[in-house]
Every structure is written in C-alpha cells, then in structure tokens.
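Just dropping this structure here.
Each reported figure results from applying straightforward, stated rules to the coordinates on display, with no laboratory input. Note that the coordinates shown come from a computational prediction; the quantities given were computed from them, not determined experimentally. Heads up, the Cβs are rebuilt from the backbone with ideal geometry, glycines too, and the neighbour counts pull from every protein chain shown.
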Amino acid sequence: MRVYVPLTLSGLAEAHRKGELGPGPVTAYGVTPGLREWYVSDDIEELEYAALNRAAAASLRLIAGAPDVPRRRVVVAVDVRDGDAVADPDRALDAGSLGEVRITGPVRLVTAAAVHVDADDAVDDVTAAAGALGAADHGDGDAQFTVDGAEDHELLWYGIQEIPNLLA
C-alpha cells in the first residue's frame, strides 16, 4: 500500500539525519475505504492523488503549528505492507480524517518511493494559508479562499537521493 506521510522541511531534515520517519506511530494518508467512498472513484491513480492532497493539507497544518519552519509543504511517499497501515474505523467517514492511517513503527527513509515538496513560488501562498487556517476552520470564507490558494500549487516530485539538495 502506498501511503503519504506529511512533514515539514525541518521534519524531513530530521528524518534524513535519523534515516527513518518515526518513531511510530507515524500518521500517513492512503487509499482507505472511507477515502474511496468519499472520492467515488475506482481509479487508483486518482485515489492516490487524493491521498497525497490529504497529506499536503496535513503538512500545512504542521507548518501552521510551527512558525519557525520553512513555509513549504512536504509529503513523503512510502510503500508499506497493507497490514502496517491501519485506519481508525471509528473515524472512517470523519471529513477531517479521510484517508488517515497509522503505521505502528518507524519507517526507514531508504524505503521511500519519492518526496513531494512545494516549489519556491508557493511559499507566499503557503505562508498566507498557514496564517488563515484557524479562521478557515471556523467557517471564514475569505480565509478558506486563502487556504485553497496554497492547495492550487502542485507539489513537485523528487527522488529520495535528492533529499540532501532539498535541504541545502
């Protein structure tokens, strides 16, 4: 199962230094039954893209909670055994946790398939979105528009061997 782990650039640096994402449990996003039902698609690529976007939104939340980290969303794509990524059945249809899974133990970074990171031109929109997230959560339409502005940016794809260059 491919899962998408939300991080910040600082979190990626720590994972790179330690050689793993963790310690567990690691929160990630994947194609869960709840995500399938919500997205109403059988196309695995579309579903994985939806899971990636859920992880990008979670990365934005991590950024919003840490004012000292760089304002670029980071998602690490990892393949794990199906039984290692478990969704909470009590929250399966909760809009805030769609696609959310937990991996009980640490995940070695060398097993990652790719790293997805915002381009430099997304920084201003991600910064604004992080600042507007609280108001958007409380129903402010203008703030939600600002958050959506960050979501309009596609994350770029990098191989794991490119992590040192991303962190430089």
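Net charge around residue 105, counting only other residues with Cβ within less than 14 Å of its Cβ (Lys, Arg = +1; Asp, Glu = -1)?
+2
Within the set of other residues whose C-beta is less than 12 Å from the C-beta of residue 156, count the net charge using Lys and Arg as +1 and Asp and Glu as -1.
-3
Using modelled backbone amide H atoms (1.01 Å from N, in-plane), which distant-in-sequence or interchain residues come within less than 5 Å of residue 72's amide H?
9
Another question, then. So what J values fall out for the range 7-17 if you push phi through Karplus, 6.51 cos²θ - 1.76 cosθ + 1.60 with θ = phi - 60°, rounded to Hz, Gly and Pro as x?
9, 10, 4, 5, x, 5, 4, 5, 4, 5, 5
Tell me, what HN-Hα J-couplings in whole Hz come from the Karplus equation 6.51 cos²θ - 1.76 cosθ + 1.60 at θ = phi - 60° for each residue of the range 60-75, using x for Gly and Pro?
Working through the residues one at a time gives 4, 5, 5, 5, 4, x, 9, x, 8, 8, x, 8, 9, 6, 9, 9 Hz.
Helix-only mean residue ellipticity at 222 nm, the chain, DSSP H runs n ≥ 4 weighted -39,500 (n - 2.57), per residue, nearest 500. What is it? Could you put the intermediate results ahead of the total?
Details: 6 runs with 69 residues, N = 168.
Result for the chain, helices only: -12500 deg cm²/dmol.
Same structure again: Looking at the chain as a GNM with Cα springs under 10 Å, which of 90, 148, 137 has the largest mean-square fluctuation?
Evaluated over the chain, the most mobile residue of the options is 90.
Here is a further query. Quick check: net charge around residue 123, other residues with Cβ under 9 Å of its Cβ, Lys/Arg +1 and Asp/Glu -1?
Within the 9 Å Cβ shell, the charges total -3.
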